[in-house]
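Visitor: My questions all concern the structure below.
Nothing in this text is a laboratory measurement; each read-out follows from the coordinates by a stated rule. Every value quoted in this text rests on a predicted model; they were computed, and no experiment measured them. Neighbour counts run over all protein chains shown; Cβ positions are idealised from the backbone, glycine included.
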Amino acid sequence: VLWKFENESIINLPPNVMVKKWMPQSDILAHPNVRVFITHGGQLGTQEGVHYAVPMLGMPFYCDQHLNLKKAELGGYAVTLDFYKLTRESLKEGLQQLLYNNTYRDNIRSISNIFHDRPMGARETALYWIDYVIRHKG
């Protein structure tokens, strides 16, 4: 378990839990052994979760996070929990749903395939639009 958290000095953690102030989120999500992404549901994180086809357990706090996770839930690739009502049981149940119900994995793979199905990659798209703006002088 990798946990990005500002306070690295949490005590009594199991030996399989690592807490760091910063972690390379995209690199971690790209690893084939990652099975679930616990997230607040920000735009970049949910997009990375879709990109790497990792089911998400979301706990939104404000603004777009609720919307992003609602879309992910409706897409069948995320479970959302209320952080302020979180219990050991609700967390365990959410994780078990994502880990043992293959529908979530299948749905995120399908959405990820759609996400990757583009005529040009991100770099080529950016270069096209930069050239477009230059060609048309704004």
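Visitor: What number goes with the only condition from (1) assigned to a helix (DSSP H, G or I); (2) surrounded by 11 or more Cβ atoms within 10 Å (Cβ to Cβ); (3) of a type outside the set (Phe, Trp, Tyr); (4) within 15 Å of the chain's Cα centre (by Cα) that LEU91 does not pass?
Guide: Evaluating LEU91 over (1) assigned to a helix (DSSP H, G or I); (2) surrounded by 11 or more Cβ atoms within 10 Å (Cβ to Cβ); (3) of a type outside the set (Phe, Trp, Tyr); (4) within 15 Å of the chain's Cα centre (by Cα) leaves (4) as the failure.
Visitor: Are any residues in region 72-88 loosely packed, with under 14 Cβ neighbours inside 10 Å and either in contact with an Asp or Glu (Cβ under 6 Å, 6 or more places away or on another chain) or under 21 Å from VAL50 (Cα atoms) (or both), and if so, which ones?
Guide: Within region 72-88, just LEU74 meets the criteria.
Visitor: A further question follows. Just give me the residues in region 66-88 being touching a strand residue (DSSP E or B) at 6+ places or on another chain (Cβ under 9 Å) and not in a helix (DSSP H, G or I), in sequence order.
Guide: TYR77, ALA78, VAL79, THR80, LEU81
Visitor: Additional query: Kindly indicate whether GLY49 is under 21 Å from TRP3 (Cβ atoms), in contact (Cβ under 8 Å) with a residue 24 or more places away in the chain and in a loop (DSSP other than H, G, I, E, B).
Guide: No.
Visitor: Under 9 Å between Cβ atoms, which residue pairs at least 6 apart in sequence (or on different chains) link something in region 92-114 that is free of Cβ contacts under 8 Å to residues at least 12 places away in the same chain with a partner that is of a type in the set (Phe, Trp, Tyr)?
Guide: Filtered contacts from region 92-114: ASP106/TYR77; SER110/TYR77.
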